[in-house]
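**Q** Dropping a structure here in structure tokens format, bear with me for questions.
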Amino acid sequence: MERGSVRRITVVGEEVLSRPCREVTAFGTAELSALIDDMFLTMYVADGAGLAANQVGVDLRLFVYDCPDDEGVRHVGHVINPVLELPGPGDRRLVDDIEGCLSVPGAAKEVPRTDRAVVRGFDQEGAPLVIEGRGYFARCLQHETDHLLGHTYLDRLSQRDRKDAIRQMEERREEVFARRARKAADLAPRL
């Protein structure tokens, strides 16, 4: 049985998505544990691979993920107060790939990201974490860390591509919201 409650996912244009989040200073609390449970459940209902706290309206530096890498290995966890490290210019390989976002419902565009990334942070008890990602998982780590800095993938697009992504969202968002609502309703009897 899934723990937690499904929360409303913020949508691009809401202020909480466009400002840097606050550091988490209290570890090991029931509130932090409940937030992480809520974020995982919300991410699963929305069919996401990652979810940042500001995407559920909470202004804290925290994200959860359940994301495969390019070899199909599943990575599941959370990171608090993440710091992203990317390869240096000589070791960096940029890959253009399709990226979507739960806060830009129904839209997807190609975004260049490095094929490797490391995130250093903490777990909910305050123990240090180092998470290394390659391929799609590296993309996820970069995408979620961007959220906590007040950015969405739209900020990495040309003006034309950004307008196209907003148009896609406007055309498809109601369908996406309806699908999420159905999935949440299907879970309700088990919660």
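**Q** Which of the residues belonging to segment 2-18 are out of contact with any helix residue (DSSP H, G or I) (no Cβ under 6 Å at 6 or more places or on another chain), surrounded by fewer than 16 Cβ atoms within 10 Å (Cβ to Cβ) and part of a loop (DSSP other than H, G, I, E, B)?
**A** Passing the criteria: Arg8, Gly13, Glu14.
**Q** Also, I was wondering about something else. Tell me yes or no: at least one residue of segment 89-110 is under 24 Å from Phe27 (Cβ atoms), surrounded by fewer than 20 Cβ atoms within 10 Å (Cβ to Cβ), at pLDDT below 95 and touching a strand residue (DSSP E or B) at 6+ places or on another chain (Cβ under 9 Å).
**A** Within segment 89-110, not a single residue is under 24 Å from Phe27 (Cβ atoms), surrounded by fewer than 20 Cβ atoms within 10 Å (Cβ to Cβ), at pLDDT below 95 and touching a strand residue (DSSP E or B) at 6+ places or on another chain (Cβ under 9 Å).
**Q** Looking at segment 152-161 only, could you name the residues that are in contact (Cβ under 8 Å) with a residue 24 or more places away in the chain and under 30 Å from Asn81 (Cβ atoms)? Before the answer, list the steps.
**A** So in segment 152-161, the residues in contact (Cβ under 8 Å) with a residue 24 or more places away in the chain come out as 152-154, 156-157, 161.
Answer for segment 152-161, where residues must be in contact (Cβ under 8 Å) with a residue 24 or more places away in the chain and under 30 Å from Asn81 (Cβ atoms): Thr152, Tyr153, Leu154, Arg156, Leu157.
**Q** Still on this structure: Give the residues of segment 115-135 that are more than 23 Å from Val24 (Cβ to Cβ) and touching a strand residue (DSSP E or B) at 6+ places or on another chain (Cβ under 6 Å), sorted by residue number.
**A** Asp115, Arg116, Arg134
**Q** I would also like to ask the following. Would you mind listing the strands (runs of 3 or more DSSP E) fully within segment 19-88 where at least 1 residues are touching a Lys or Arg at 6+ places or on another chain (Cβ under 8 Å)? Spell out the reasoning first.
**A** Working: elements: 50-52, 62-68, 74-85.
Counting at least 1 such residues, we get 62-68, 74-85.
**Q** Just checking, does segment 41-55 include any residue being at pLDDT 95 or above, over 27 Å from Gln168 (Cβ atoms) and of a type in the set (Val, Ile, Thr)?
**A** No - not one qualifying residue is present in segment 41-55.
The values are calculated or read from the model by the stated rules, or taken from the named source; none is laboratory data. Treat the numbers as computed from the prediction; the structure is a model and nothing was measured. Cβ coordinates were reconstructed from backbone atoms using ideal geometry, including for glycine residues, and neighbour counts include every protein chain displayed.
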